[in-house]
Amino acid sequence: MKSKRGKLEIVGEILDVINRGETKKTRIMQSVYLGWRSFKNYLDFLLENGLIEENGVNDTETHYVLTEGGLNFLNCYRQIKILLNGNNGNFGY
């Protein structure tokens, strides 16, 4: 059985989904398997911390894009995942 995701994993997944081109709220939310309330909290966190920004196409739709800080975070997150997966999560203690 797979363990629950932590906040770091969820933030990383949201940033990854946006980076791959999903830019609308509903599509991002569905891609990371979160309910609306939880997703809204993460979305607000990412906006407030400058990891994503709104990029409105028109008055009815809001799209989201990664900022430079969000891309840097995503790259660091990916490197950490590679390091941890390389050791199979075994830290030697």
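Can you work out which of the residues in the range 11-44 that are of a type outside the set (Val, Ile, Thr) and within 17 Å of Cys76 (Cβ to Cβ) is surrounded by the most Cβ atoms within 10 Å (Cβ to Cβ)?
Per the criteria, the residue is Leu15.
Go over the candidates Glu48, Glu68, Glu54 one by one and state the one that is open to solvent by 90 Å² or more (accessible area, probe 1.4 Å), touching a strand residue (DSSP E or B) at 6+ places or on another chain (Cβ under 7 Å) and either at pLDDT 95 or above or among the charged types (D, E, K, R) (or both).
Among Glu48, Glu68, Glu54, only Glu54 is open to solvent by 90 Å² or more (accessible area, probe 1.4 Å), touching a strand residue (DSSP E or B) at 6+ places or on another chain (Cβ under 7 Å) and either at pLDDT 95 or above or among the charged types (D, E, K, R) (or both).
The values are calculated or read from the model by the stated rules, or taken from the named source; none is laboratory data. A quick note: this is a predicted structure, and the numbers were derived from the prediction, not measured. Because the Cβ atoms are built from the backbone with ideal geometry, glycine has one as well, and the counts that use them run over all protein chains shown. Side chains are part of the model used for accessible areas, which takes the heavy atoms of the whole protein and leaves out ligands, DNA and RNA. Shrake-Rupley method; radii C 1.70, N 1.55, O 1.52, S 1.80 Å.
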